[in-house]
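Heads up, the thing below is written out as structure tokens.
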Amino acid sequence: MGFTQVRLVSHSMEIENLTLDADTPGQKYVLDVFRFHGSGSGPAVYVQGGLHSLEMPGTVAIDRLIPRLAAAEAEGRVAGDITLVPHANPVGLTQVVFGQPLGRFDANTRVNFNRSFPPKSASGLETKPASERLKATLLKLAEQAEVVLDLHCDDDGPVYLYVSERQLEEGRRLGRSMGAQVILTDASDDPISFDLAVGERWAADNRNERFAATVELRGMIDVTPEFAEQDANGLYHYLVSIGTVDDTLPASSEVDPIIGDVDAAELLATPSSGAVLYDVEVCDWVKSGQRLAVVVSKPGAAHQEIISPFDGQVMTRREVRFVRKGDDVIKVLRHPLP
Ligand SMILES: [Zn+2]
């Protein structure tokens, strides 16, 4: 990282501009980090959006959250330090090819921005590509907090969470605040994603009580003023519920999300290419043997049906309605029908 510029915006909120050298001369990336300093009586929280660059629901939710936290701070109601990174991936945001933004994988290393995190002990990072230095920087920011929320979105999906299985109870609290439809639990210790990589660092320091989650905020095009406000409300509600912000709010939804193991959420692939016509919507309950979609492989001649192999709930669909042979068409959570 290069120089750090700190601007004081309100009494104690800071915007810190962390700079990251690009891999070629003459370019730098800037990571804007918003910090609210708490009184120390509540847990410290880190929230980032856009680790997959283009996933904007988290970014705009943070935008709507900031003025609420600034108001809380002005009234002395911030109890725990809060760190917000609305655009966590300035590297991925620069990747545009022929007008198509490509923000999920690093175009240089071909690695998913939410995979392959460097261990804390990694040395020689200054010699590594920008994507690796970015990951190390984000992890270092996040691991200082006691609660970490990594905001993503799917192609087309509901609000849902990924949490470690042993942290399901805290996941339920977050899920109720966010109005999540589903919580997927992961029993593995394999630190494949950002939240689990943070958890691995905490575990190494015997800080297993700390909580990290991936929050999926619907689909790529679900970026509206209403959803941004709703998600900012959910985040604010959660911050109040854990004591990071002092406020009095109505109780959150008592509707518990559906719980499923991450391996029970299965992607169904198509054996043939074509245009996708879905029969079902996100969150529909479906029966084993039910047709979920048709792939129009030869218009006027041949169709490929995508059939649910089990009872369950539709979790996600594709945003782009053209598939190639072997592409995933739909994700269904294996679950008894309600
Ligand atoms: Zn993502």
TODO: Starting from the residue with the highest accessible area, list K135, K128, K287 in decreasing order, probe 1.4 Å.
DONE: K287, K128, K135
TODO: Find how much the distance from L125 to R35 grows on full extension, using 0.36 nm per residue of separation minus their present alpha carbon separation; answer in nm with one decimal.
DONE: 29.9 nm
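Could you work out the Kirkwood radius for region 263-334, taking every pair of different alpha carbons, averaging 1/r and inverting it, reported in Å?
Values: mean 1/r = 0.0838 Å⁻¹.
About 11.9 Å for region 263-334.
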TODO: Report, in cubic angstrom per residue, the convex hull volume of the C-alpha atoms of the chain.
DONE: 147 Å³
TODO: Work out from phi, with θ = phi - 60° and the Karplus expression 6.51 cos²θ - 1.76 cosθ + 1.60, the ³J(HN,Hα) of each residue of region 292-304, listed in order in whole Hz, and give x for Gly and Pro.
DONE: 9, 6, 10, 9, 7, 7, 10, x, x, 9, 10, 10, 10
Task: Helix-only mean residue ellipticity at 222 nm for the chain, each DSSP H run of n ≥ 4 adding -39500 (n - 2.57), per residue, nearest 500 - done: -7000 deg cm²/dmol
TODO: May I ask which residue of L139, F98, I221 lies farthest towards the positive end of the charge dipole of the chain, with charges of +1 (Lys, Arg) and -1 (Asp, Glu) on Cβ and the Cα centre as origin?
DONE: F98
Open item on the list: If each residue of separation counts as 0.36 nm, what is the full-extension length gain between N208 and C283 once their alpha-carbon separation is subtracted?
Closed with: 23.8 nm
TODO: Pairs of Cα atoms under 8 Å, at least six residues apart: use those to get the relative contact order of the chain, whole percent.
DONE: 16 percent
TODO: Please report how far the C-alpha centroid of region 293-320 lies from that of region 220-259, rounded to the nearest whole angstrom.
DONE: 33 Å
- [ ] Let me know the charge dipole size of the chain about its Cα centre in debye, to the nearest 20, where only the beta-carbon of Lys, Arg (+1) and Asp, Glu (-1) is charged.
- [x] 780 debye
Task: Rounded to 5, percent antiparallel among DSSP beta bridges of the chain - done: 65 percent
Open item on the list: Leaving out ligands, DNA and RNA, and with a 1.4 Å probe, what % of the accessible surface on the chain is carbon or sulfur?
Closed with: 51 percent
TODO: Using DSSP, restrict attention to beta bridges with both residues in region 31-184 and report what percent are antiparallel, rounded to the nearest 5.
DONE: 35 percent
Open item on the list: Take T248 and T224, extend 7 Å from each Cα along the Cα→Cβ direction, and tell me the distance between the two endpoints in nm.
Closed with: 3.3 nm
Open item on the list: Cross-link candidates for K128: which lysines have Cα within less than 20 Å, leaving aside residues fewer than 8 places away along the same chain?
Closed with: K28, K120, K140
TODO: Would you mind computing, in nm to one decimal, how far apart the modelled labels at N112 and T94 are, each placed 7 Å from Cα along Cα→Cβ?
DONE: 2.4 nm
Open item on the list: For the pair L337/R173, report the inter-label distance in nm, with labels modelled 7 Å from Cα in the Cβ direction.
Closed with: 3.7 nm
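The values are calculated or read from the model by the stated rules, or taken from the named source; none is laboratory data. Keep in mind that this is a model prediction, so the values were computed, not measured. In this analysis, Cβ positions are derived from the backbone assuming ideal geometry, glycine residues included, and neighbour counts consider all displayed protein chains. Please note that ligands, DNA and RNA were not included when accessible areas were found on the heavy atoms of the full protein model with its side chains. Shrake-Rupley method; radii C 1.70, N 1.55, O 1.52, S 1.80 Å.
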